[in-house]
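These notes are about the structure you will find just below.
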Amino acid sequence: MKNVEFHEGLPSDIHTLSNALIVIDDLMSELSSDTKLTKLFTKGGHHRNLSIIFIVQNIFHKGKEMRDISLNAHYLFLFKNPRDRSQIIHLGRQLYPSPTKFFREVYENATSKPYYLLIDLKPDTDDSLRLRSGIFPGDKYYVYEPR
């Protein structure tokens, strides 16, 4: 593919990249304690016009840097995963302390029709648009709001 580079692990020149989309997959354990990734999320994205997609299999991975990375993410995409719903309940309590079952119901609804929920955490996003699915062309668009 033109203008696409593939690397194993984080590229050594990642601190010099700008105006780029970076997709990091299958590196959750290796990078969850690495300050380079945290710096990308806290400084790189905004100051160097980077979009970073960090694919993780555990929302609350215990790595030393994961909380800072998570708190600086603008979007979370949650996919259907029946294995550990307690993570979804915990995240729901963080986002919507009351009513507690609202977020779980939204998650179940959104992931029942293939198969994701978008959580928009950008500070300037209207609260009524925080939870969405069906965002791609041809999909039926859904917005979920607390009652």
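The values are calculated or read from the model by the stated rules, or taken from the named source; none is laboratory data. In this text the structure is predicted, and so the values were computed from the model without any measurement. Here the Cβ is made from the backbone with ideal geometry for all residues, glycine too, and neighbour counts use every protein chain on show.
Under the condition of being among the aliphatic types (A, V, I, L, M) and over 12 Å from LEU37 (Cα atoms), which residue from segment 5-22 is surrounded by the fewest Cβ atoms within 10 Å (Cβ to Cβ)?
Here is the first cut: in segment 5-22, the ones among the aliphatic types (A, V, I, L, M) are 10, 14, 17, 20-22.
Checking which are over 12 Å from LEU37 (Cα atoms) leaves us with 17, 20-21.
Details: LEU17: 16, ALA20: 14, LEU21: 10.
Across segment 5-22, the extreme among qualifying residues is LEU21.
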Among the listed residues ILE22, ILE59, ILE52, identify the single one that is aliphatic (A, V, I, L, M), in contact with a Phe, Trp or Tyr (Cβ under 7 Å, 6 or more places away or on another chain) and either without any contact (Cβ under 8 Å) to a residue 40 or more places away in the chain or closer than 30 Å to PHE103 by Cα (or both). ILE52
Number of the condition not met by ILE53 [criteria: (1) surrounded by fewer than 16 Cβ atoms within 10 Å (Cβ to Cβ); (2) hydrophobic (A, V, I, L, M, F, W, C); (3) farther than 24 Å from ILE88 by Cα]: (3)
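Only one of these is touching a residue at least 12 places away in the same chain (Cβ under 8 Å) and over 17 Å from VAL56 (Cα atoms): LYS122, LYS101. Name it. Full working, then the answer.
Details: LYS101 fails: touching a residue at least 12 places away in the same chain (Cβ under 8 Å).
Only one candidate passes the filter, namely LYS122.
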Which of the residues that make up segment 16-44 are over 30 Å from ASP84 (Cβ atoms), at pLDDT 80 or above and not in a strand (DSSP E or B)? THR16, LEU17, SER18, ASN19
Does segment 71-112 hold any residues that are crowded, with 17+ Cβ neighbours inside 10 Å and assigned to a strand (DSSP E or B), and which are they? LEU78
Those residues that are part of a helix (DSSP H, G or I) and under 25 Å from PHE79 (Cβ atoms), I need them from segment 45-60; list them, please. GLY45
I need a count of the residues in segment 12-33 that are hydroxyl-bearing (Ser, Thr, Tyr) and closer than 12 Å to PHE54 by Cβ. 1
Could you list, in sequence order, all residues of segment 113-147 that are under 14 Å from TYR96 (Cα atoms), under 18 Å from the mean Cα position of the chain (by Cα) and of a type in the set (Gly, Ala, Ser)? none
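Are any of the residues in segment 121-131 over 29 Å from LYS36 (Cα atoms) and either touching a strand residue (DSSP E or B) at 6+ places or on another chain (Cβ under 6 Å) or surrounded by 12 or more Cβ atoms within 10 Å (Cβ to Cβ) (or both)?
Filtering segment 121-131 down to residues over 29 Å from LYS36 (Cα atoms) leaves 126-129, 131.
Cutting the leftovers down to either touching a strand residue (DSSP E or B) at 6+ places or on another chain (Cβ under 6 Å) or surrounded by 12 or more Cβ atoms within 10 Å (Cβ to Cβ) (or both) gives us 129, 131.
Yes; the residues of segment 121-131 include at least one that is over 29 Å from LYS36 (Cα atoms) and either touching a strand residue (DSSP E or B) at 6+ places or on another chain (Cβ under 6 Å) or surrounded by 12 or more Cβ atoms within 10 Å (Cβ to Cβ) (or both).
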With the requirement that a residue be over 14 Å from MET28 (Cα atoms), within 16 Å of the chain's Cα centre (by Cα) and not polar (S, T, N, Q), what does segment 47-57 give you? LEU50
